[in-house]
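Here the structure comes first, spelled out in structure tokens, and everything after it is commentary.
The values are calculated or read from the model by the stated rules, or taken from the named source; none is laboratory data. Computed from a prediction, not measured in an experiment: that's the story for all the values here. With ideal geometry, Cβ positions are generated from the backbone for all residues, glycine too; neighbour counts draw on all protein chains shown. Keep in mind that these areas ignore ligands, DNA and RNA; they rest on the heavy atoms of the full protein, side chains included. Shrake-Rupley method; radii C 1.70, N 1.55, O 1.52, S 1.80 Å.
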Amino acid sequence: NVIIIQNEAWWNPALLKNVNYSVDLMEGINSLSENVVRGTFVTPVYAGGTCLPEFEVLTGIPMLFMPTSVYPYTQYVTHKTPSIVSAYKDNGYQTVALHPYRKNFYNRSTAYPLLGFETFKGMNEFDYKDVSGIYIDDMACVKQIIKEFENKTADRIFEFVVTMENHGTYTLQRYDKFDFEMEAETLTEEEYMDLKRYSQGVYNADKAFMALVEYFKNVDEP
């Protein structure tokens, strides 16, 4: 079974200079040591264009060779397109895409089937719609991942998930409380709160991911 999670805006803000946290925001993920390969991805976008790194991951085609201002799901994925999705599908996997937002955003509802997804569930099809901040949260995504796994119709399942909880903007009030203290003397009050709201999303993403890890520790299938 294969699960790929593209976590919205996920980055470690503890790497910033002159910013200190009372906890490790990614304590769970950083604690993983067995059968783990770590590395750093360079994303082709900043402040928008979620579908572009998504397209790179699914097809292996780098955006470097595309014209600027291109959204490949609209301009290029207009017919069946080879991808990691279709490769798994051809090998007998059930293929499922999950995204707790509008299905037609970035033309996903049209492009996903052409990439090989048999099922695409957007926010209206989610069984779990808990909100942390202003969007359906990462923990709801984990619950949905588990439900799709438990109800799979093939021997193996391939799930691709694009989360929403930590999507901008960070200038709005998102959380009633924070799970950590943060020091950042060089930031203005507005910058401080923007970063703190973003950081809470990173913290929540770690907790959600580890809930998925803990679930699969008790499952016989790899």
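Partner aspartates and glutamates whose Cα lies under 14 Å from the Cα of K121, excluding those fewer than 8 positions away in the same chain, are identified as E148, E159. Counting only DSSP beta bridges whose two residues both lie in the chain, roughly 25 percent are antiparallel. How much net charge surrounds N12 when only the other residues with a Cβ under 14 Å from the Cβ of N12 are counted, with Lys and Arg +1 and Asp and Glu -1? Cβ neighbours under 14 Å give a net charge of -1. Among the listed values (1) 7, 30, 36, 21, 5, 0; (2) 9, 37, 37, 15, 3, 0; (3) 7, 24, 26, 26, 14, 3, 0, the one matching P(r) over Cα pairs in 10 Å bins from 0, in percent as calculated from this structure is (1). Over the residues of the chain, the helix contribution to mean residue ellipticity at 222 nm works out to -10000 deg cm²/dmol, using -39500 (n - 2.57) for each DSSP H run of at least 4. Highest mean packing first, where packing is the average number of other Cβ atoms within 10 Å per residue, the peptides 139-150, 68-79, 26-37, 46-57 line up as 139-150, 46-57, 68-79, 26-37. Sorting the segments 95-103, 164-172 by their mean number of nearby beta carbons within 10 angstrom, highest to lowest, gives 95-103, 164-172. Summary of packing: across the peptides 11-18, 192-199, the per-residue average of other C-beta atoms within 10 Å ranks them, highest first, as 192-199, 11-18. A straight Cα-to-Cα reach below 13 Å connects K217 with the aspartates and glutamates E34, residues fewer than 8 places away in its own chain not being considered.
Partner lysines whose Cα lies under 19 Å from the Cα of K177, excluding those fewer than 8 positions away in the same chain, are identified as K196, K207.
Near K121: Cβ cut-off under 14 Å, other residues only, Lys/Arg at +1 and Asp/Glu at -1. The net charge is +2.
On the basis of the beta-carbon distance and an R0 of 25 Å, E118 and I61 show a calculated FRET efficiency of 0.70.
Over the chain, what percent of the accessible surface lies on carbon and sulfur atoms, probe 1.4 Å? Before the final figure, lay out the partial values.
Numbers: 6500 of 12460 Å².
With neighbouring chains kept in place, the figure for the chain is 52 percent.
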